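Some notes on the structure that comes next.
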């Protein structure tokens, strides 16, 4: 599975994030920002913010409105809401349907695979990228910055 994930993340550099939030503390925003920081183009898809700019990119109401080629569709929606997203991903010629952690729509997965897309369920694109390409240090892991020892001289 790691070889497949590595290939997907290496070969697909334009990501439409369906359900991207404008709130910096939401997982969708954090994952999208991370991917941007690592050279991916991230296109926001959220009807609530359509026409606005999120992370420096125009936000669209649906995948069909995006004027450029989308390679990977990253879904931050409830499991029940994934089938229409999968159908749109197929219609626009995306290569990958990626369902985030906690999202496991088997019917959408089967539909995407039948149409020739790679499909990933219940995984975070940010976590997998960090795990496979060494980006965990972006949040302090494996950099000797994180420590269980309490620094001396703290005010409390």
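The values are calculated or read from the model by the stated rules, or taken from the named source; none is laboratory data. These numbers were taken from a predicted model, which means no experiment stands behind them. Note that each Cβ is placed from the backbone with ideal geometry, even for glycine, and that neighbours are counted across all protein chains shown.
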- Right, residue 41: more than 21 Å from residue 114 (Cα to Cα) and at pLDDT below 95 or not? no
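Within region 111-122, how many residues are closer than 19 Å to residue 80 by Cβ and either assigned to a loop (DSSP other than H, G, I, E, B) or touching a strand residue (DSSP E or B) at 6+ places or on another chain (Cβ under 8 Å) (or both)?
In the first step, residues of region 111-122 are kept if they are closer than 19 Å to residue 80 by Cβ; the result is 111-112, 119-122.
Then keep just the ones that are either assigned to a loop (DSSP other than H, G, I, E, B) or touching a strand residue (DSSP E or B) at 6+ places or on another chain (Cβ under 8 Å) (or both); that gives 112, 119-122.
Result for region 111-122: 5.
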